[in-house]
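This report concerns only the one structure given below.
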Amino acid sequence: MRNVMIFGTGINNEKMIDLRSDVVTKPGSEMLNCLVNAKVGNDGWKEDPSVNKFEKKIAILFGKESALITPSGTMANEIAIRLLCPRGSELIVERESHIYNYEVSGPAALSGVQMLPLKGKQGILKWEDILPNIRPKFHQFPQTRCISLEMPHNNGGGKICPINILKRISKEARKREINMHLDGARLFNACVETGITPKEYGKHFDLINICLSKSLGCPGGSVLIGDKELIQKALIIRRQFGGSMRQIAGYMAACGIYALDNNVKRLKEDHKNAKSLANIIKKCKKLKLLYEPETNIVVFRYKKLPPEKVCQILREKGILIAPYNYPDLRAVFHLDACNIEKINKIFTKLFY
Ligand SMILES: *Cc1c(COP(=O)(O)O)cnc(C)c1O
């Protein structure tokens, strides 16, 4: 059985340390202040000053001309696929990626695109994995028109793809007129870890999306970043997908501006905490660490008990984690889960 997730437990206990995901953060008082005081307008007409400011700010950060706020990362991904991969063509994705597993066949359903899933190592594909899967030009074959990479890779335990691998894929793809998309839901985690700028990552992709509601700590939203011509088309597709948001977009954007200024650098702390818990897990005889964490995600397994049981034991001690990629377990660090001493103590006590 794959990817059994136990979310939606109905638990919303402020006292719990919630490591199920980084989508659980709640806006703090400073972010809420920005939200309340935001100047807004109808973003459907591009008249929202906060949205316009945010989109410009993030586009510049990535060395691109333009950006577009969306209600979710899934919508940003699906708009990108619609724009970069024509109907009847093929999209190369990684087998464990978000697009392939958690978007309900969006590329097929919304854009008439066939996905070709390739298995990477911890979610990372190399050009050598991709090359033999590029379709030859022949009228009976679907044509490979886009490669979508995910980075850091969620199911790969937050793995970062080395920049030289990205560069190579992008260079070879462009030679063949294949478009490049990056599902960078947590890309800022990669940036603070590697020291590589968003602009440098941006060079290798036509469209990139970033989640505001994950490690950046906003209450919602995502953003699609690219050059003007593509983003102008993205505006039309967002409308068609029902993602035009009027004034609410401005409040999301105000949180986004705050997050870019205040919540990026601190991601290092989440990575430090993830490494710290990983070191404890390595010392716990009953547990097995699956990957050395590179960002904010720790994936591990309990050698004997079923994962649901492990979640229950931890829940009784005040920690929420979730089974992820059954029978593995996942702990995700974020700005509302920084009490690492307490977490480590509980893990040591329960599993040593
Ligand atoms: C969270 C996530 C998304 C977008 O998810 P939404 O729930 O639609 O915002 C896309 N890609 C990856 C890798 C993610 O982790």
Report summary line: The correct count of residues that are among the small types (Gly, Ala, Ser) and more than 10 Å from the ligand (Cβ to nearest atom) in the range 74-86 is 1
Query - Hits in the range 149-171 (condition: open to solvent by 80 Å² or more (accessible area, probe 1.4 Å), touching a residue at least 12 places away in the same chain (Cβ under 8 Å) and within 17 Å of CYS191 (Cβ to Cβ)) - result: LYS167
Report summary line: Of the residues in the range 257-315, those that are under 30 Å from GLY28 (Cβ atoms) and either open to solvent by less than 20 Å² (accessible area, probe 1.4 Å) or β-branched (Val, Ile, Thr) (or both) number 22
Query raised in the report: Can you name the number of the only condition in (1) away from the ligand (no atom under 12 Å from the Cβ); (2) surrounded by 15 or more Cβ atoms within 10 Å (Cβ to Cβ); (3) hydrophobic (A, V, I, L, M, F, W, C) that PHE138 fails?
Result: (2)
Query raised in the report: On the given criteria, is LEU131 within 16 Å of the ligand (Cβ to nearest atom) and out of contact with any Lys or Arg (no Cβ under 6 Å at 6 or more places or on another chain)?
Result: no
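Every residue in the range 109-148 that is without any contact (Cβ under 8 Å) to a residue 60 or more places away in the chain and either touching a Cys at 6+ places or on another chain (Cβ under 7 Å) or part of a helix (DSSP H, G or I) (or both), please. Step through it out loud before you land on a result.
Looking only at the range 109-148, we keep the residues that are without any contact (Cβ under 8 Å) to a residue 60 or more places away in the chain, and these are 109, 111-121, 123-144, 147.
Those that are without any contact (Cβ under 8 Å) to a residue 60 or more places away in the chain and either touching a Cys at 6+ places or on another chain (Cβ under 7 Å) or part of a helix (DSSP H, G or I) (or both): ALA109, SER111, VAL113, ILE124, TRP127, GLU128, ASP129, ILE130, LEU131, PRO132, ASN133.
Conditions (1) within 16 Å of the ligand (Cβ to nearest atom); (2) not acidic (Asp, Glu), marked per residue:
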site	(1), (2)
ASP43	no, no
GLU47	no, no
LYS56	no, yes
LEU61	no, yes
SER66	no, yes
SER72	yes, yes
GLY88	no, yes
LEU91	yes, yes
ASN101	yes, yes
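Yes or no, residue by residue, for (1) open to solvent by 60 Å² or more (accessible area, probe 1.4 Å); (2) in a helix (DSSP H, G or I); (3) farther than 13 Å from LYS46 by Cα; (4) at pLDDT below 95:
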{"site": "SER215", "(1), (2), (3), (4)": "no, no, yes, yes"}
{"site": "PRO219", "(1), (2), (3), (4)": "yes, no, yes, no"}
{"site": "LEU224", "(1), (2), (3), (4)": "no, no, yes, no"}
{"site": "ILE231", "(1), (2), (3), (4)": "no, yes, no, no"}
{"site": "LEU235", "(1), (2), (3), (4)": "no, yes, no, no"}
{"site": "ALA249", "(1), (2), (3), (4)": "no, yes, no, no"}
{"site": "MET252", "(1), (2), (3), (4)": "no, yes, yes, no"}
Query - GLY157, sole failed condition from (1) in a strand (DSSP E or B); (2) within 13 Å of the ligand (Cβ to nearest atom) - result: (1)
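Of the residues in the range 184-210, how many are within 11 Å of the ligand (Cβ to nearest atom) and either open to solvent by less than 10 Å² (accessible area, probe 1.4 Å) or in a helix (DSSP H, G or I) (or both)? Break it down into steps so the answer makes sense when it comes.
Looking only at the range 184-210, we keep the residues that are within 11 Å of the ligand (Cβ to nearest atom), and these are 184-187, 189, 209-210.
Those still in the list that are either open to solvent by less than 10 Å² (accessible area, probe 1.4 Å) or in a helix (DSSP H, G or I) (or both) too: 184, 187, 189, 209-210.
Here the count works out to 5.
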Query raised in the report: Is it the case that GLY217 is without any contact (Cβ under 8 Å) to a residue 40 or more places away in the chain and within 16 Å of the ligand (Cβ to nearest atom)?
Result: no
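The values are calculated or read from the model by the stated rules, or taken from the named source; none is laboratory data. In this text, all values refer to a predicted model and were calculated from it rather than measured experimentally. Virtual Cβ from ideal backbone geometry, glycine too; neighbours counted across all protein chains shown. Calculation scope for accessible area: heavy atoms of the full protein, side chains included, ligands and nucleic acids excluded. Shrake-Rupley method; radii C 1.70, N 1.55, O 1.52, S 1.80 Å.
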